[in-house]
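*Asks:* Got a structure for you, questions after.
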Amino acid sequence: MKVRQAANVIELLEFFAERLRPATAAEIADALGWPRSSTFNLVTTLAELGYLYEPRARGGLYPTSRWLAMAQTISEVELLPQAVLRIVAQIAAETGETTLVATAAGLDAMVMHVVECAAPIRYFAAEGKRLPIHSCATGWALLSQMPRAQRKALYRRIVFEAYTAQSPRDADAVEALLDRGVARGYCLSDGEHSPHLVGVSVPLQIDGRQLAISVAGPQFRCLDRADAFAGIVKAAIAGLNP
């Protein structure tokens, strides 16, 4: 379920991140397809709270530095260790494919950091991207670290949507994929969430946090190299805990 008012605030920030200059309420409404009355109410509220201001009179509104200060305060508490960022870059360089680290966030796996492949045909990801935890290798690597009772509680809340013909459609199917991942030594997805996309994911526990490091890319380039990718990820993780 998406709360419209909350989504509008995020869309407004993304609008300014792309525009990079002030905008009037009318310009915002037209660009985002919002009613002008609700747009005016939203920007007025944010301005009164100190999150928007007018750099020049009648020149439009722009976000204040209050957003940055708050984000920095939040991120200082849960920043990924520099060592993790280094091995993500190392794995991306060695595999030549998009590499990311993710954490569990409700019913999703959320990307916390990513280094994208430079090839034109590649897996595109961004920090903050959410993936269904039950339908991709990254999610399975995270689920595999949870107690069975915790997984069962999650399954009761999941809508097992068929993203592709290979998507797991119930809890038993997900558990079977986890068992195969444990036996294999890493989690492997092959089109369960996105057609023709292969993902290799290995669990990572560091500083009491349960994470997953994943390498993902097109099937034609990655499926035959899955074992090699897993070996590269495992070696990098082993370097964190000599």
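*Asks:* Do any helices (runs of 4 or more DSSP H) lying entirely in the stretch 1-95 carry at least 1 residues that are modelled with pLDDT of 90 or more and among the hydrophobic types (A, V, I, L, M, F, W, C), and which ones are they? Before the answer, list the steps.
*Replies:* Details: elements: 4-19, 25-32, 36-48, 66-75, 82-95.
Output list reads 4-19, 25-32, 36-48, 82-95.
*Asks:* Buried (at least 16 other Cβ atoms within 10 Å of the Cβ), farther than 30 Å from residue 141 by Cβ and touching a residue at least 40 places away in the same chain (Cβ under 8 Å): is that true of residue 51 in this structure?
*Replies:* On the way: buried (at least 16 other Cβ atoms within 10 Å of the Cβ): yes; farther than 30 Å from residue 141 by Cβ: yes; touching a residue at least 40 places away in the same chain (Cβ under 8 Å): no.
No.
*Asks:* For residue 102, indicate whether it is within 22 Å of residue 209 (Cα to Cα) and either surrounded by fewer than 18 Cβ atoms within 10 Å (Cβ to Cβ) or in contact with a Pro (Cβ under 8 Å, 6 or more places away or on another chain) (or both). Steps first, answer last, please.
*Replies:* Numbers: within 22 Å of residue 209 (Cα to Cα): yes; either surrounded by fewer than 18 Cβ atoms within 10 Å (Cβ to Cβ) or in contact with a Pro (Cβ under 8 Å, 6 or more places away or on another chain) (or both): no.
Taking the combined requirement at face value, the residue does not satisfy it.
*Asks:* Okay, next question. When you scan the stretch 128-145, do you find a residue that is over 14 Å from residue 199 (Cα atoms) and in a helix (DSSP H, G or I), even just one?
*Replies:* Taking the stretch 128-145 and keeping what is over 14 Å from residue 199 (Cα atoms), we get 128-130, 143-145.
Next, from what is left, pick out any that are in a helix (DSSP H, G or I): 143.
Looking through the stretch 128-145, at least one residue is over 14 Å from residue 199 (Cα atoms) and in a helix (DSSP H, G or I).
*Asks:* Here's another thing I want to ask about it. If you check 119, 141, which single one turns out to be surrounded by 18 or more Cβ atoms within 10 Å (Cβ to Cβ), in contact with a helix residue (DSSP H, G or I) (Cβ under 9 Å, 6 or more places away or on another chain) and in the same structural domain as residue 205 (by TED's automatic domain parsing)? Please lay out each step first, then the result.
*Replies:* Working: 119 fails: surrounded by 18 or more Cβ atoms within 10 Å (Cβ to Cβ).
Exactly one of 119, 141 is surrounded by 18 or more Cβ atoms within 10 Å (Cβ to Cβ), in contact with a helix residue (DSSP H, G or I) (Cβ under 9 Å, 6 or more places away or on another chain) and in the same structural domain as residue 205 (by TED's automatic domain parsing), namely 141.
*Asks:* Conditions: (1) out of contact with any helix residue (DSSP H, G or I) (no Cβ under 6 Å at 6 or more places or on another chain); (2) over 21 Å from residue 221 (Cα atoms); (3) of a type in the set (Val, Ile, Thr). Residue 114 meets all but one. Number of the miss?
*Replies:* In the conditions (1) out of contact with any helix residue (DSSP H, G or I) (no Cβ under 6 Å at 6 or more places or on another chain); (2) over 21 Å from residue 221 (Cα atoms); (3) of a type in the set (Val, Ile, Thr), residue 114 misses (2) alone.
*Asks:* Using the structure shown, decide if residue 9 is within 27 Å of the chain's Cα centre (by Cα) and within 30 Å of residue 231 (Cβ to Cβ). Show your work before the answer.
*Replies:* Working: within 27 Å of the chain's Cα centre (by Cα): yes; within 30 Å of residue 231 (Cβ to Cβ): no.
When the stated conditions are applied, residue 9 does not pass them.
*Asks:* Looking at 34, 67, which one is buried (at least 16 other Cβ atoms within 10 Å of the Cβ) and either outside the structural domain of residue 141 (by TED's automatic domain parsing) or not basic (Lys, Arg) (or both)?
*Replies:* Numbers: 67 fails: buried (at least 16 other Cβ atoms within 10 Å of the Cβ).
The match here is 34.
*Asks:* Only one of (1) out of contact with any Gly (no Cβ under 9 Å at 6 or more places or on another chain); (2) surrounded by fewer than 16 Cβ atoms within 10 Å (Cβ to Cβ); (3) in contact (Cβ under 8 Å) with a residue 24 or more places away in the chain fails for residue 178. Which number is that?
*Replies:* Result: residue 178 fails condition (2) only.
*Asks:* Also: State yes or no: is residue 204 within 23 Å of residue 148 (Cβ to Cβ) and of a type outside the set (Lys, Arg)? Step through it out loud before you land on a result.
*Replies:* Details: within 23 Å of residue 148 (Cβ to Cβ): yes; of a type outside the set (Lys, Arg): yes.
Yes, satisfied.
*Asks:* Taking the criterion of being closer than 14 Å to residue 99 by Cα, free of Cβ contacts under 8 Å to residues at least 60 places away in the same chain and over 19 Å from the mean Cα position of the chain (by Cα), would at least one residue in the stretch 210-226 satisfy it? Even if it seems obvious, please write down each step before you answer.
*Replies:* Here is the first cut: in the stretch 210-226, the residues closer than 14 Å to residue 99 by Cα are 211-218, 222, 226.
Then keep just the ones that are free of Cβ contacts under 8 Å to residues at least 60 places away in the same chain; that gives 226.
Narrowing further to those that are over 19 Å from the mean Cα position of the chain (by Cα): 226.
Yes, there is a match, as at least one residue in the stretch 210-226 is closer than 14 Å to residue 99 by Cα, free of Cβ contacts under 8 Å to residues at least 60 places away in the same chain and over 19 Å from the mean Cα position of the chain (by Cα).
*Asks:* Something else: Could you run through the stretch 144-170 and say how many residues are over 20 Å from residue 180 (Cα atoms) and acidic (Asp, Glu)?
*Replies:* Residues flagged as over 20 Å from residue 180 (Cα atoms) and acidic (Asp, Glu) within the stretch 144-170 amount to 1.
The values are calculated or read from the model by the stated rules, or taken from the named source; none is laboratory data. Since we're looking at a predicted model, the values are computed, not measured. With ideal geometry, Cβ positions are generated from the backbone for all residues, glycine too; neighbour counts draw on all protein chains shown.
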